[in-house]
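Accompanying notes for the structure given below.
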Amino acid sequence: MEYNFNAIEKKWRQKWKDEPINQPSEDKQNYYCLDMFPYPSGNGLHVGHWRGYVLSDVWSRYQILHGKYVLHPMGWDAFGLPAENYAIAQKMHPAIATAENVENFKRQLEEISAIYDWEKEINTTDPDFYKWTQWIFLKMFEAGLAYEKEMPINWCPSCKTGLANEEVKEACCDRCGSVVTKKNLRQWMLKITEYASRLLDDLEDLDWPEKVKKMQADWIGKSYGAEIDFKVDGIDKEVKVFTTRPDTLYGATFMVLAPENALVDELVSPECKEAVEKYVFQSSTKSSVDRMTDKEKTGVFLGRYAINPLNGNKVPIWIADYVLNDYGTGAIMCVPAHDARDFEFATKFNLPIVQVIAKDGAVQDLTEAYTEDGLMVNSEQFNGVKAAEAKTLILDYLEQKNIGKKTTNYTLRDWVFSRQRYWGEPIPVVHCECCGIVGVKESDLPITLPDVKSYEPTGTGESPLADISDWVNTTCPKCAGPAKRETNTMPQWAGSSWYYLRYVDPKNKEELVSKNKMQEWLPVDMYVGGIEHAVLHLLYARFYNKFLYDIGVVDFKEPFTRLFNQGMVTKNNIKMSKSKGNVVSPDGLVEKYGCDSLRMYELFIGPPEFDSEWDDNGIDGVHRFLNKVWRLVTTNKPIDATKDLERVRHKLIYDITVRMENFSLNTVVSGFMEYTNKLVDMQKRLGGIDKETIDTLIILLSPMVPHISSELWEKLGNTDSIFDRVWPEYDKEKMQDDEIEIVVQISGKMAGKIKVDATTEQDVIIQKAKEAASNKLKNKQIVKEIYVKNKLVNIVAK
RNA sequence: GCCGACAUGGCGGAAUGGCAGACGCAGCGGACUCAAAAUCCGCCGCCCAUAAAGCGUGUGGGUUCGAGUCCCACUGUCGGUACCA
């Protein structure tokens with residue numbers, strides 16, 4: 001008989017609505033388990049979304065069984081480019097499209113039966129929410145962390161609009177196919193670089209995957225080096241470079257500036273001007289990724305020379321797009337003998353290569369850059385010194401002569417925080433003719449998005465808000481004179497950088513979050529989300545948190561104590577997305593197999609931290625398994641526990657608990673299958689299973705498959721909720737087998753197995769192993785005997 | 001390019017340095033059935049008539065009594081690369 005999952009799941013879902021299983025009480029500790037909230041796209045949820053949400057829900061229920069009161073909220077990251085583009089495509093207002101999508105998402109999310117507390121639902125596009133997004137910006141502005149700057153953006157000359165990198169495909173506009181160029185526009189920036197060292201240092205104590213910490217550390221990219229001034233030959237100019245290798249300064253035989261470097265115009269010689277301008281334009285059409293990945297180095301000579309400050313040599317100045325304007329000073333000194341990229345460039349353009357570090361001080365014919373350690377050569381008074389020492393010596397010398405100074409440099413750049421778009425939080429400042437840029441009054445927040453006839457890009461590069469003169473024209477909060485509102489909006493990141501704080505106090509009108517609630521719940525105990533957010537979102541959220549710490553809003557330095565990144569669900573080995581046409585919807589699967597089966601299958605498809613390939617067929621396996629559990633329990637006639645049954649029970653608890661703690665949920669599922677098979681077998685043999693073992697199995701199953709577990713729990717005559725029980729404990733001693741199996745190896749090769757009593761002494765076991773393998777040991781001399789306790793004997797023989 | 005990861009049967013995957021392929025899907029054979037579904041039993045890496053033997057965890061080296069696992073060098077795939085989030 002198949003169990004009736006439809007009726008059971010409907011019944012329990014209703015029951016949990018009436019009487020939530022997750023209730024506060026005085027003796028319970030709070031636990032905050034958070035999902036990265038979704039962007040409610042028009043395509044609805046797919047089985048890839050489910051994976052993360054099931055994972056966090058299983059973890060939340062697991063905490064409930066450990067006596068915790070769990071906060072497990074859900075909300076919507078609904079501002080941003082995709083929502084706006086979807087709305088434009090559907091020819092409807094983004095607010096209406098978003099509301100519809102949210103409704104659909106919510107309906108689909110209910111099918112998961114997660115313990116979401118919908119009372120705490122938030123939406124980044126809700127003025128009551130974005131009031132605080134704007135408030136934070138205002139505080140950053142007051143603190144001098146928000147500033148304006150001209151920055152290049154992708155520009156489609158045909159659509160006359162700025163484009164996101166996402167909208168640029170192979171250097172062409174995704175909408176019309178024209179070649180995309182760069183255009184300088186006034187942008188709002190956030191000084192995240194001011195927090196660089198704290199963002200780096202505080203990584204250390206986080207209980208996060210090491211790979212994510214590493215990625216963030218590399219992204220911040222702290223490096224020690226020097227800024228060195230090169231005088232330009234013949235004119236009164238200097239070029240400042242940043243280098244991590246001041247020790248190689250004698251080998252600097254040319255310089256390269258980024259094509260966007262402001263000095264290019266000042267330095268270029270008249271005869272080279274045309275070629276340089278052409279090159280600058282060409283590189284402006286390339287994306288930064290393309291610039292990095294281009295196989296062949298390109299560049300042009302500026303027609304000007306600089307003076308190497310140590311040896312006085314004239315070195316040519318070039319521009320090339322492998323140098324980035326926003327890292328260091330946007331200019332480098334090139335030492336082809338000791339840097340692979342410089343070597344390639346020098347070889348291609350026939351520039352001199354001078355070795356200044358050599359193994360044992362012996363100059364070689366270089367066929368590639370020499371990046372090993374060695375002794376200094378061709379470096380005047382530093383010759384013969386170890387390169388590592390020369391680094392310090394040369395640095396000191398440069399500082400003494402006032403031509404360079406020690407610097408710490410970060411790869412991290414300030415954050416471009418404005419968008420020339422409609423669907424985002426208005427930036428809460430005004431531009432006043434007398435007072436300049438002035439933040440709006442706190443009491444005027446939120447600055448709401450006005451209704452607008454056309455929310456499509458304007459064609460001027462400005463936000464559509466710029467066209468609404470009623471809204472734009474306002475008065476200055478400082479002098480009450482005429483002023484114009486800022487028409488740029490914030491990026492989607494703005495809301496997602498602090499939303500985790502708001503869930504604990506979502507309806508507070510007075511404060512972003514009350515002190516009480518903050519101390520009760522925060523920081524987040526467990527944060528679950530996709531690995532694709534390893535750097536940007538998680539770094540931005542950490543930055544926001546640190547700022548809010550500095551102004552006293554929160555009293556903790558890091559927002560997410562523990563982090564788990566789940567892998568993607570792929571179909572045909574590519575990420576599920578509507579544009580790829582490989583989306584699998586959970587709706588039909590829930591109907592056919594039930595929520596419990598789908599929940600369990602989502603976990604079974606593979607290790608949660610890695611990508612897994614989706615296969616609809618596989619769900620049959622877990623569905624059969626749940627039927628098997630149903631039969632095992634409903635047909636069971638309890639017997640008294642035997643030693644064997646007790647042993648199986650403790651092993652079961654042990655295996656499931658250890659795997660849960662390691663987040664190895666796919667092997668938790670396979671563990672359940674193995675033990676259930678074993679129990680079915682024992683049930684046949686013994687006539688039944690003892691009550692405690694059956695109870696244990698159901699409690700252990702309940703976080704993953706809450707409906708069927710609750711139903712079986714009730715069928716067994718229990719009147720309390722299974723989630724009021726505690727996670728069972730194991731006793732290692734009671735897991736011990738009487739007889740153990742020992743593997744016998746000859747010189748590391750499998751040669752058989754022996755069974756011995758668990759109490760057998762080592763010598764006896766080795767003796768027995770030799771007897772068992774006597775055939776293979778004939779005519780051989782035993783060199784060594786290795787015994788691994790309770791596991792194997794390896795006899796090394798010649 | 002840079003940063004991070006991954007690579008094991010037909011497929012998803014399992015394996016604290018110790019029996020490679022647990023568990024499941026698909027497939028094959030059988031039981032039950034008038035039949036089907038459900039269920040149950042058996043087989044299921046390659047080579048091979050069968051067995052034994054041999055081979056086998058992307059490629060090439062190394063460390064070790066013993067390597068899927070550790071080290072070095074490659075190849076391929078995926079994620080991120082700052083305006084998708």
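Key figures
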item	result
Tabulated pairs, the stretch A:529-554, first over 12 Å from A:Ile192 (Cβ atoms), second in a strand (DSSP E or B), C-beta under 6 angstrom, 6+ apart or interchain	A:Ile531/A:Asn565
Some residue of the stretch A:124-139 being buried (at least 18 other Cβ atoms within 10 Å of the Cβ), more than 14 Å from RNA strand B (Cβ to nearest atom), at pLDDT 95 or above and not in a helix (DSSP H, G or I)	no
Subset of the stretch A:4-40 (residues that are surrounded by fewer than 23 Cβ atoms within 10 Å (Cβ to Cβ), within 16 Å of RNA strand B (Cβ to nearest atom) and more than 20 Å from the chain's Cα centre (by Cα))	A:Asn4
Residue pairs meeting the criteria (Cβ under 8 Å; at least 6 apart or on separate chains; first over 15 Å from A:Asp290 (Cα atoms), in the stretch A:162-177; second surrounded by fewer than 16 Cβ atoms within 10 Å (Cβ to Cβ) and of a type in the set (A, V, I, L, M, F, W, C))	A:Cys173/A:Val179
Residue within the stretch A:223-239 that is surrounded by 15 or more Cβ atoms within 10 Å (Cβ to Cβ), of a type in the set (A, V, I, L, M, F, W, C), within 30 Å of the chain's Cα centre (by Cα) and on the phi < 0 side of the Ramachandran plot present	no
Looking only at the stretch A:772-786, and only at residues there that are exposed (fewer than 11 other Cβ atoms within 10 Å of the Cβ) and of a type outside the set (Lys, Arg), the one that is farthest from A:Val648 (Cα to Cα)	A:Asn779
Helices (runs of 4 or more DSSP H) wholly inside the stretch A:225-321 that include at least 3 residues being of a type in the set (Gly, Ala, Ser)	A:273-284
Only one of A:Ile403, A:Ile357 that is closer than 30 Å to A:Pro270 by Cβ, touching a residue at least 60 places away in the same chain (Cβ under 8 Å) and not basic (Lys, Arg)	A:Ile403
Filter result for the condition that a residue is at positive phi and of a type outside the set (A, V, I, L, M, F, W, C), over A:Gly618, A:Gly567, A:Gly588, A:Gly594	A:Gly594
Every residue from the stretch A:363-416 that is within 16 Å of RNA strand B (Cβ to nearest atom), more than 27 Å from A:Ala217 (Cα to Cα) and acidic (Asp, Glu)	A:Glu368
Residue satisfying condition, being of a type outside the set (S, T, N, Q), surrounded by 20 or more Cβ atoms within 10 Å (Cβ to Cβ) and within 28 Å of the chain's Cα centre (by Cα), within set A:Ala146, A:Ala171, A:Ala164	A:Ala146
Long-range neighbours under 8 Å by Cβ, at least six apart or interchain, first residue away from RNA strand B (no atom under 16 Å from the Cβ) within the stretch A:80-103, second part of a helix (DSSP H, G or I) and at pLDDT 85 or above	A:Gln90/A:Ala97
Subset of the stretch A:342-354 (residues that are under 42 Å from the mean Cα position of the chain (by Cα) and either closer than 19 Å to A:Lys391 by Cα or aromatic (Phe, Trp, Tyr) (or both))	A:Phe343, A:Phe345, A:Phe349
Top-ranked residue in the stretch A:182-212 [being within 13 Å of RNA strand B (Cβ to nearest atom), closer than 30 Å to A:Gln566 by Cβ and not aliphatic (A, V, I, L, M); ranked as surrounded by the fewest Cβ atoms within 10 Å (Cβ to Cβ)]	A:Glu210
Selection from the stretch A:632-680 of residues that are loosely packed, with under 15 Cβ neighbours inside 10 Å, away from RNA strand B (no atom under 13 Å from the Cβ), assigned to a helix (DSSP H, G or I) and β-branched (Val, Ile, Thr)	A:Thr634
Any chance A:Ile427 is touching a strand residue (DSSP E or B) at 6+ places or on another chain (Cβ under 8 Å), more than 16 Å from RNA strand B (Cβ to nearest atom) and within 30 Å of A:Leu163 (Cβ to Cβ)	no
Residues that are within 16 Å of A:Ser283 (Cβ to Cβ) and not β-branched (Val, Ile, Thr), drawn from the stretch A:151-164	A:Pro152, A:Asn154, A:Trp155
Residues being within 11 Å of RNA strand B (Cβ to nearest atom) and either in contact with a strand residue (DSSP E or B) (Cβ under 9 Å, 6 or more places away or on another chain) or not charged (D, E, K, R) (or both) - total across the stretch A:151-181	14
Selection from the stretch A:406-447 of residues that are within 24 Å of A:Gly80 (Cβ to Cβ), of a type in the set (Ser, Thr, Tyr) and either in a strand (DSSP E or B) or without any contact (Cβ under 8 Å) to a residue 60 or more places away in the chain (or both)	none
Any chance A:Leu465 is part of a helix (DSSP H, G or I), more than 10 Å from RNA strand B (Cβ to nearest atom) and buried (at least 18 other Cβ atoms within 10 Å of the Cβ)	yes
Residue match in the stretch A:143-159 (condition: part of a helix (DSSP H, G or I) and of a type outside the set (A, V, I, L, M))	no
Qualifying residue in the stretch A:22-36 (condition: part of a helix (DSSP H, G or I) and in contact (Cβ under 8 Å) with a residue 60 or more places away in the chain)	no
Qualifying residues in the stretch A:713-759 (those that are without any contact (Cβ under 8 Å) to a residue 12 or more places away in the chain and under 23 Å from A:Lys784 (Cβ atoms)) - the one nearest to RNA strand B (Cβ to nearest atom)	A:Met750
Matching strands (runs of 3 or more DSSP E) fully within the stretch A:470-549 where at least 1 residues are within 16 Å of RNA strand B (Cβ to nearest atom) and crowded, with 23+ Cβ neighbours inside 10 Å	A:524-530
Residue check for A:Val622: near RNA strand B (Cβ under 8 Å from one of its atoms), under 23 Å from A:Gly48 (Cβ atoms) and buried (at least 22 other Cβ atoms within 10 Å of the Cβ)	yes
Members of the stretch A:560-588 that are part of a helix (DSSP H, G or I) and away from RNA strand B (no atom under 14 Å from the Cβ)	A:Pro586, A:Asp587, A:Gly588
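The values are calculated or read from the model by the stated rules, or taken from the named source; none is laboratory data. All values reported here derive from a predicted model rather than from experimental measurement. Here Cβ is always computed from backbone atoms with ideal geometry, including for glycine, and neighbour counts include all displayed protein chains.
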